[in-house]
1. At q = 0.05, 0.07, 0.08 Å⁻¹, what is the base-10 log of I(q)/I(0) for the protein assembly as shown according to the Debye formula with one equal point scatterer per Cα and no solvent? Please give it to two decimals.
2. How would A:112, B:171 line up by accessible area, probe 1.4 Å, largest first?
3. Calculate one ³J(HN,Hα) per residue across the range B:150-166 by plugging θ = phi - 60° into the Karplus curve 6.51 cos²θ - 1.76 cosθ + 1.60, and present them in order as whole Hz with x for glycine and proline.
4. Accessible area per residue of the protein assembly as shown at 1.4 Å probe, in Å²?
5. Does the range B:55-218 come out rounded, prolate or oblate, given a ≥ b ≥ c as the square roots of the eigenvalues of its C-alpha gyration tensor, rounded meaning a/c under 1.5 and, failing that, prolate meaning a/b above b/c?
6. Apply the Karplus curve 6.51 cos²θ - 1.76 cosθ + 1.60, θ = phi - 60°, to the phi angles in the range B:42-51 and return the couplings in whole Hz, x for Gly and Pro.
7. Tell me, what HN-Hα J-couplings in whole Hz come from the Karplus equation 6.51 cos²θ - 1.76 cosθ + 1.60 at θ = phi - 60° for each residue of the range A:120-127, using x for Gly and Pro?
8. Only counting protein heavy atoms at a 1.4 Å probe, give the residues of the range B:284-321, ordered by number, whose accessible area falls by 50 Å² or more when the other protein chains are present relative to the chain alone.
Amino acid sequence: MDPLVTVRGLTKIYRVDGQQTPALRDVDLDITPGEFTAIAGPSGSGKSTLLHLIGGLDHPTAGEVWLQGQRIDRLDHNALAQLRLQNFGFVFQAYNLIPVFTVLENAAFVLELRGLPRQQREARARRALADLGIGALAARRPNQLSGGEQQRVAVARALAAEPKLILADEPTANLDGVTGLALIDEMRRLNREQGTTFVIATHDPRLLERVRRTVYLEDGRIAGA
Amino acid sequence: MLVLAWRNIWRQRSRSLGAIMAVGFVVWLGLVYFGLVGAARDGSYVNLTENAGQLQVHTRDYRDARNIRDAVVRDAAALRPRIAATLPDVEVAAALDVPVLLAGADRSRGVLLMGVDQPQALRERFAAAYLAEGRLPAGDDLDGIALGGGLARTLQVQVGDTVYAYAPGTEGTGASAYTVVGVLKFPDPARDASTALLSLPAAQDLAAPGAVSRFELHIGQVRRAPDDAVLMQLRDRLQSALGGAVIVETWREAFPSLSRIEQVMRPVGLVFIGLFFVLAGLLVVNTIYLSVIERTREFGVVIALGARRGRVMRMVVAESLALCGTGAVLGLLLGVLSLARLSQGFTYPGLEKLTAQVGFPSVLYARIEPAEIVTVLGFALATGVLAALMPARSAGRLEPIDAMRFVA
């Protein structure tokens, strides 16, 4: 099967106060459609940086990122925004929901950015919320939800847009054990039943036990897979 | 996007309320200002045209005349029926201005004596407004004269006394004695000290037999300035009917300085209102800019999810417009209420004398043109857009990863 994402020689060096700090060094990686992959490693190993570069949130210092045969690492700001909008779903560690939106509006927001009519986007958002078992919370605001519920809304937001790839950055880091496990199981189920591709940056051992593939990073290099 | 903007502006309620109130106040101020300009415009128009008419017919080149011979319409008796035939619904008055030396028993004063022939209705309105004592000279009275109170005091004469007039005329210097039959009282002290009224035949007898300085055409008694286009149409019609020996002028053309003052009031107001909008706009800039800084992480997420620069900038502009729009609606409501009250008539308490001196009636009526309302609202809209430009640019230039790491 052709890879969904291809990464070759990916390098990212941050320059802070004249100091060069390498975050990723010469990383090669392929992600095939339908994968449920974890990128693991200690803090500062480059997990989030790799996820950001794959998702077009940042530009690499060197190397290439390809999405289904299209090279994306040299696209400009607006082209990358369009690429992310059409292809990627993001789940962040801090949930990052829009506080003035209801749960339903948050889940439908990416579809609104795509310009879908209200009825269509709300129907898809409701379906995604129902899939994650939080359909009853649709009218609430994020500050009325628990951490676990907010993270499910974030997953629903990513899922409602039916992206090719969901990139999740430490999705269970702010959740207690039970809530974290439940969220992992939901994501696995979605991967299994809907074929959604997940790449998850994590150092949560409970999550690592449940993925099919783990890519280990250490000091910005792939240390094992 | 508007829903998002509306909700976002209420996240910092007191700050947003401050900006809304500022915009609302300036919109209200702008509407009331234009309403008062309208009142002043109508007031000065009424004051002027009640006495001088909306159209005037003069001899051509009267402005350049160096003596009374060149300043008058000689064949007045022939011209008057042609005016009445061309504009039958218009009241026509005739006036002859004669520079005279007017003398009482011991004192004299150089004044512009005015011989008038007014339709009865105009004459009654004039008498009701200004006659303080006695009566006006009758239409065919060759002996009676009415003086402004200030002039009567200067000449030390009263009703029943005799005054003497010496005047250069079309046929040489004329001299005549008149009996004071009435004393007038004008709010404007300069007018009060210089007005001397005769009947038109008396003035013609003194200085210019059969001549008038002008015909004054009164197009109904109206409280507000009629459409200039209508007046110009009437002017053109009359001009072509009367031929080139005379000139027909609208009141704007006859009194260009007053017209210029009126025309200046609007642009001056626009400048002042513009400055007020700049001040309100600075408050809006501050509100929006702080909001963008406080929500940098949120903008980072929106960009990460796929919003393009333009979309992010439009979100910020929408918030600024929501602020200014809300202020504009509030200001508009208050402005309309204020103008509704002022359009029923108002005075400047304690300033009645002053307003009369500058040529306003004692009661003014606020009036605003729809274009002026649109102008004020346009200012509010422009403030919303301009105030958002810098914050919107900042938000649009955010890089998603940097923005999501931002700590305010």
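1. -0.47, -0.63, -0.70
2. Numbers: A:112 40, B:171 135 Å².
The residues order as B:171, A:112, largest area first.
3. Residue by residue, the range B:150-166 yields x, 5, 4, 5, 4, 7, 6, 10, 9, 4, x, 7, 10, 10, 10, 10, 10 Hz.
4. On the way: 28270 Å² over 633 residues.
Accessible surface, normalised per residue, equals 45 Å².
5. Values: a/c = 1.93, a/b = 1.32, b/c = 1.46.
Oblate is the answer for the range B:55-218, as a/c is 1.5 or above yet b/c matches or exceeds a/b.
6. Here the 3J(HN,Hα) series is 5, x, 5, 4, 4, 4, 6, 6, 4, 9 Hz.
7. Values per residue, Gly and Pro as x: 5, 5, 6, 5, 5, 5, 4, 4 Hz.
8. Those are B:301, B:304, B:305, B:306, B:308, B:309, B:311, which lose 50 Å² or more relative to the chain on its own.
The values are calculated or read from the model by the stated rules, or taken from the named source; none is laboratory data. Note that the structure is predicted; figures quoted are calculated from it, not measured. Note: ideal-geometry Cβ built from the backbone for every residue, glycine included; neighbour counts use all protein chains shown. These accessible areas exclude ligands, DNA and RNA; they are computed on the full protein's heavy atoms, side chains included. Shrake-Rupley method; radii C 1.70, N 1.55, O 1.52, S 1.80 Å.
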